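**Q** Please see the structure below; I have some questions.
Every read-out reported here was derived from the displayed coordinates using simple, explicitly stated rules and does not represent laboratory data. On a predicted model such as this, the values are computed, not experimentally measured, just so you know. Don't worry about glycine lacking a Cβ; one is built from the backbone with ideal geometry, like all the others, and counts go over all protein chains shown.
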């Protein structure tokens with residue numbers, strides 16, 4: 001994307017099927033130009049992870065993903081040593097009556113035994129797109145580790161040496177805001193809140209990502225989903241991912257228009273809580289009766 005304008009970036013992303021507004025395209029442009037990580041927050045299903053996938057596809061770069069979870073530490077994110085292969089290597093040296101103890105120990109920490117986890121892999125393979133997904137699930141210590149890496153684009157492995165990226169990877173961090181990400185990490189990043197799209201943009205997303213769905217059905221599905229998001233009694237309002245799943249499910253049943261029977265039969269693609277299923281069924285009854 002280097003040298004491109006915001007409009008060209010939006011066009012390139014749209015060619016992958018990712019439809020973004022001008023403000024998000026601007027932040028992608030700035031993240032690339034300034035070599036800064038991009039922190040995306042928003043409700044689940046609003047397209048945060050999909051943006052990283054689209055950026056990688058549009059640039060023809062590998063996408064390296066680190067899925068965060070409670071208790072993750074730098075070992076899972078950075079590197080490990082291939083212990084079984086190291087043991088086999090030692091046995092082979094012993095069998096051949098090879099090198100001395102010091103030389104044998106040094107050979108154990110050769111690059112061939114180094115298992116690169118996502119962050120180290122991104123530094124080694126750069127240019128690449130590094131997706132740090134759901135960073136809000138990790139703890140404070142892991143955030144501090146990330147802050148250090150994202151500030152220097154390098155890591156030091158005591159037995160091996162320092163690995164520094166030749167080119168800074170394009171980094172996307174996502175958060176569902178289950179907790180607040182610390183200010184220090186936020187200051188290192190450019191920030192964008194991704195909200196649920198409006199009707200016209202969501203319809204464009206459906207047409208782009210699910211072109212097999214009839215125009216009439218796509219419009220009806222998006223209209224219903226938009227109305228459901230306006231309710232305040234759903235455990236989890238449907239995201240864009242659920243809109244696409246529901247439209248595709250209806251299409252697979254042969255529907256070209258939304259009817260109550262097929263809508264009720266496919267609600268498992270739209271809502272994921274029993275309480276929501278009942279509420280949405282009643283809402284559909286009223287919508288279609290009207």
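**Q** How would you rank 75, 11, going from fewest to most other Cβ atoms within 10 Å of each one's own Cβ? Please list the in-between numbers first.
**A** Details: 75 9, 11 13.
Sorted ascending by nearby Cβ count, the order is 75, 11.
**Q** Let me ask another. For segment 12-158, what is the convex hull volume of the alpha-carbon atoms per residue, in Å³?
**A** Measuring per residue, one finds 142 Å³ for the Cα hull of segment 12-158.
**Q** To the nearest µm²/s, what D does Stokes-Einstein give for segment 104-191 at 20 °C and 1.002 mPa s, using the Kirkwood radius over alpha carbon pairs as Rh?
**A** For these conditions, the coefficient is 150 µm²/s.
**Q** Same structure again: Calculate the length of the line joining the C-alpha centroid of segment 260-288 to that of segment 176-227, in whole Å.
**A** Spelled out, the Cα-based centre of one part sits 20 Å from the other.
**Q** Ranked highest first by the average count of other Cβ atoms within 10 Å around their residues, in what order do 264-276, 32-44 fall?
**A** 32-44, 264-276
**Q** Where does the chain land at 222 nm, in deg cm²/dmol rounded to the nearest 500, when only DSSP H runs of n ≥ 4 count, each adding -39500 (n - 2.57), divided by all residues?
**A** Numbers: 14 runs with 147 residues, N = 290.
Value at 222 nm, helices only, nearest 500: -15000 deg cm²/dmol.
**Q** Further, regarding this structure: Taking Cα atoms, how many degrees apart are the long axis of helix 199-209 and the longest axis of the chain, rounded to 10 and kept between 0 and 90?
**A** 60
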